[in-house]
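Notes follow once the structure below has been shown.
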Amino acid sequence: MGEPPSLVLGGVTLPDGRVADVAISGDRISAVTEPAAAAAGARIELRGHLLLPAPAEPHAHLDKVLTAGLIENATGDLEGAVESWYRFRATAPHRDIADRALQACLRMLGHGCTAVRTHLDVGTRTGLRFLDAVVEAREYLRGRLHLEIAAFVDVPSSGPAGAGNLAVLAEAMARGADVVGGAPYRDPDPLACQEELLAVAARHGAPVDLHTDETLEESVSCLGELAAQVTRSGFPHRVTASHCVSLGVQEPARVRRIGAGLAAAGIGVVCCPATNLYLQGRDHPVATPRGLTALAPLAAAGVTVAGGGDNIQDPFNPLGRGDPLDTAMLLVLAGHLPVEAAYAAVSEKARWVLGLPEVRIAPGFPAELLAIPARDLRGAVADRDGRRITIHCGRIVAGPHRGAGTG
Ligand SMILES: [Zn+2]
């Protein structure tokens, strides 16, 4: 027998409906057993709580969070959001950026997220101000939240005009960014931009996560090309295509072709329903398109599709709460996923995008968990109860009993 567990989550309901004690030793689940009669030692009584693999947030923008009261997006669409953000970002002071990022992370942590990937603007116009501030927040949160930074390079990053931004991107990778990001569809030469960003990532041994279009223009085709570029170059790290809005309005045959290419290239997709429902389709006052990617065809092609929250109360989504259960709800209501698939998109699939190991509620798996008052998963996503307990590396990091566990 091993050491006694550092934490026992007593009487929790498992996703399959069984009631059990879940023992944790260090940062791993060590046993799932029949519930004991009484609390003892490291056991915390959590009857009435559903225990789930913790959600992860695969797509945030911590530089923009909580600015909705400071910046007005006059048109409500993407261009209005970008323009108002660009005006504001020139003036954002370091302390304010770090504070807002930290507040947003604590909200996400309280909602059950134990891992977050944030994009942060970098480039000749902003330098590395956002990166430096969020690296500081990341240090503060170490042990409570796994925080990954994608350096979201300004356009252009292709051709001679892109050299300056690419130099800042390389500096960002050296100064603490984990992932190469960018928005090729906004670049004057999207395909050259994608080639450049893949090359920078290859040099730094880093994954890539691109904003691969937030437009309902059918003519935009960066995504199919990205799959071809990744396959051709044998790029060895994980590649993620975020948003992929135009795929939602393409011809079915083309969607199938692109889906097959993404699956073959091992590229994951992140759908951000809240932001893209808010921003897209404003020029279609009737039969308004939803701005979501082609969820069902991507799943049918075998592509890993995660769900992201994207914006938290900023000009891109004034109502974001940093709650993955909100994202799951929208994937059900607007994306027509079954509840189980919607929760998998914000947990298992989101962790896959981040390159993190799988979590199952079984011995040997990482103790990255969310306990939430609910009878079952549908009820959890419907009620989105705020009284949650978040467990990261085997320790309770948010909610009641915070600090319990020694992992
Ligand atoms: Zn984004």
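The values are calculated or read from the model by the stated rules, or taken from the named source; none is laboratory data. These numbers come from a predicted model, not from an experiment. FYI the Cβ positions are ideal-geometry reconstructions off the backbone, even for glycines, and counts take in every protein chain you see.
Tabulated values for the structure
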{"read-out": "Among (1) in the same structural domain as T304 (by TED's automatic domain parsing); (2) touching a residue at least 24 places away in the same chain (Cβ under 8 Å); (3) away from the ligand (no atom under 16 Å from the Cβ) - the single one T91 does not satisfy", "value": "(2)"}
{"read-out": "From I71, I44, residue being surrounded by fewer than 23 Cβ atoms within 10 Å (Cβ to Cβ), touching a residue at least 24 places away in the same chain (Cβ under 8 Å) and in a strand (DSSP E or B)", "value": "I44"}
{"read-out": "Qualifying residue in segment 181-188 (condition: within 16 Å of the ligand (Cβ to nearest atom), assigned by TED's automatic domain parsing to the domain that holds R232 and in contact with a His (Cβ under 6 Å, 6 or more places away or on another chain))", "value": "yes"}
{"read-out": "Neighbours by Cβ (under 8 Å, 6+ apart or cross-chain): first from segment 127-145, closer than 17 Å to E57 by Cα; second hydroxyl-bearing (S, T, Y) and modelled with pLDDT of 95 or more", "value": "V134/T118; L145/T114"}
{"read-out": "Neighbours by Cβ (under 6 Å, 6+ apart or cross-chain): first from segment 259-273, more than 14 Å from H243 (Cα to Cα); second of a type in the set (S, T, Y)", "value": "A265/T231"}
{"read-out": "Any hit, segment 3-23, residues being surrounded by 23 or more Cβ atoms within 10 Å (Cβ to Cβ) and within 29 Å of A241 (Cα to Cα)", "value": "no"}
{"read-out": "Residue count for segment 199-244, restricted to those that are in contact with a Pro (Cβ under 9 Å, 6 or more places away or on another chain), of a type in the set (S, T, Y) and within 16 Å of the ligand (Cβ to nearest atom)", "value": "3"}
{"read-out": "Filter result for E171 (of a type in the set (D, E) and out of contact with any strand residue (DSSP E or B) (no Cβ under 9 Å at 6 or more places or on another chain))", "value": "no"}
{"read-out": "Strands (runs of 3 or more DSSP E) wholly inside segment 316-407 containing at least 2 residues that are over 25 Å from A274 (Cβ atoms) and at pLDDT 95 or above", "value": "395-398"}
{"read-out": "Tally of residues being among the small types (G, A, S) and in contact with a strand residue (DSSP E or B) (Cβ under 8 Å, 6 or more places away or on another chain) across segment 111-133", "value": "3"}
{"read-out": "One residue from A183, A167, A174, A163 being in contact with a Phe, Trp or Tyr (Cβ under 8 Å, 6 or more places away or on another chain) and of a type outside the set (D, E)", "value": "A183"}
{"read-out": "Segment 245-265, residues that are at pLDDT below 95 and in contact with a Ser or Thr (Cβ under 8 Å, 6 or more places away or on another chain)", "value": "V245, S246, L247, G248"}
{"read-out": "Residue count, segment 299-318 (criterion: surrounded by fewer than 24 Cβ atoms within 10 Å (Cβ to Cβ) and away from the ligand (no atom under 16 Å from the Cβ))", "value": "5"}
{"read-out": "Out of G322, G335, sole residue that is buried (at least 21 other Cβ atoms within 10 Å of the Cβ), within 16 Å of the ligand (Cβ to nearest atom) and either over 28 Å from D121 (Cβ atoms) or of a type in the set (G, A, S) (or both)", "value": "G322"}
{"read-out": "Condition met for Y278 (in a helix (DSSP H, G or I), in contact with a strand residue (DSSP E or B) (Cβ under 9 Å, 6 or more places away or on another chain), among the aromatic types (F, W, Y) and within 30 Å of S25 (Cβ to Cβ))", "value": "no"}
{"read-out": "When residues of segment 101-139 are limited to those that are modelled with pLDDT of 95 or more and of a type in the set (S, T, Y), the one farthest from G399 (Cα to Cα)", "value": "T124"}
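Every residue, every condition in (1) within 16 Å of the ligand (Cβ to nearest atom); (2) in contact with a strand residue (DSSP E or B) (Cβ under 9 Å, 6 or more places away or on another chain); (3) part of a loop (DSSP other than H, G, I, E, B), yes or no:
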| site | (1), (2), (3) |
| --- | --- |
| D16 | no, no, yes |
| L62 | yes, yes, yes |
| D96 | no, no, no |
| C105 | no, yes, no |
